[in-house]
Amino acid sequence: MSDPTFYHAGQRGLQDQFDSRRISDRLASFNRTQFTADDRVFIESAIYFFIATVDPEGRPDCSFKGGPPGFVRVTAESELAFPDYDGNGMFRSLGNLLVQPHVGLLFIALHGRPQRLRVNGLARVLRDDPLLAHTVGAQLMVRVTASAIFPNCPRYIPKLELSAPSPYVPRPGHDPVEPVWKGFPEFKDVIHPRQPTARGVADSD
């Protein structure tokens, strides 16, 4: 039996208009609160995901997060963690999480086999997390306790080709690459300093 709290009245109303309540209930039966082995493989191979947060008034914000494979880790049966790297300093997503911890994550594969996985839950933003010492480039760590984990149909995902990783992704043993915009006249006098972060050991190249 599906979780009766998985859908609210607005969702149910549209399902009834389109006679999709039965398939919706069947899909909801795949909702879970613990990560499967396949979930872990997909999440920990991801090099990007999307995060949705809301501010205290319920206004939404959506952001892209990227990193090397493994930058998101499944840390417990119902928990994952990901780092916050140096950015533009606005802290729109993480700032929202400090006042409203409900979060939605979308993991999506736009190259290779199309795949989508959604993770909803409650987030904690941590500056003293033990993972920080082992995560190159991380200035904060976010841990999400999942309340809903469910796959989505991938039918509308375009098939794209991954040509190269971002040169800004932190690499062990390498100094961070500064984005060009930090040197623009309208920004360079107000750029915030980078925080000390783990550097790691350089790779073979």
Can you tell me which residue is farthest from the chain's Cα centre (by Cα) among those in region 174-189 that are surrounded by 11 or more Cβ atoms within 10 Å (Cβ to Cβ) and part of a loop (DSSP other than H, G, I, E, B)? Phe187
Can you find a residue in region 65-76 that is hydrophobic (A, V, I, L, M, F, W, C) and within 30 Å of Pro193 (Cα to Cα)? yes
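This table checks each residue for (1) touching a Pro at 6+ places or on another chain (Cβ under 6 Å); (2) outside any strand (DSSP E or B); (3) over 17 Å from Phe64 (Cβ atoms).
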| residue | (1), (2), (3) |
| --- | --- |
| Phe107 | no, no, no |
| Gln139 | no, no, yes |
| Ile157 | yes, yes, no |
| Val169 | yes, yes, no |
Residues that are in contact with a Gly (Cβ under 8 Å, 6 or more places away or on another chain) and over 24 Å from Asp86 (Cα atoms), drawn from region 120-158: Asn120, Ala146, Ser147, Ala148
Just a yes or no: is a residue in region 15-38 under 30 Å from Arg194 (Cα atoms) and either among the hydrophobic types (A, V, I, L, M, F, W, C) or part of a strand (DSSP E or B) (or both)? no
Looking at Gly121, Gly67, Gly104, which is the one that is modelled with pLDDT of 95 or more, surrounded by 13 or more Cβ atoms within 10 Å (Cβ to Cβ) and closer than 27 Å to Glu178 by Cα? Gly67
Take the residues in region 7-32 that are surrounded by 14 or more Cβ atoms within 10 Å (Cβ to Cβ) and in contact with a strand residue (DSSP E or B) (Cβ under 7 Å, 6 or more places away or on another chain), then tell me which one is farthest from Ile157 (Cα to Cα). Arg32
Those residues of region 103-118 which are in contact with a helix residue (DSSP H, G or I) (Cβ under 8 Å, 6 or more places away or on another chain), within 15 Å of Asp38 (Cβ to Cβ) and not polar (S, T, N, Q) amount to Phe107, Ala109, Leu117
Restricting attention to region 61-79, does a residue exist that is under 16 Å from Gln34 (Cα atoms), among the hydroxyl-bearing types (Ser, Thr, Tyr) and touching a Ser or Thr at 6+ places or on another chain (Cβ under 8 Å)? yes
When the residues of region 59-78 are narrowed to those that are among the polar types (S, T, N, Q) and part of a strand (DSSP E or B), which ends up nearest to Val136 (Cα to Cα)? Thr75
Per the filter on region 37-64, residues surrounded by 13 or more Cβ atoms within 10 Å (Cβ to Cβ), over 12 Å from the mean Cα position of the chain (by Cα) and touching a residue at least 40 places away in the same chain (Cβ under 8 Å) are Asp39, Phe42, Val54, Asp55
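The values are calculated or read from the model by the stated rules, or taken from the named source; none is laboratory data. These numbers were taken from a predicted model, which means no experiment stands behind them. Backbone-built Cβ (ideal geometry, glycine too); neighbour counts: all protein chains shown.
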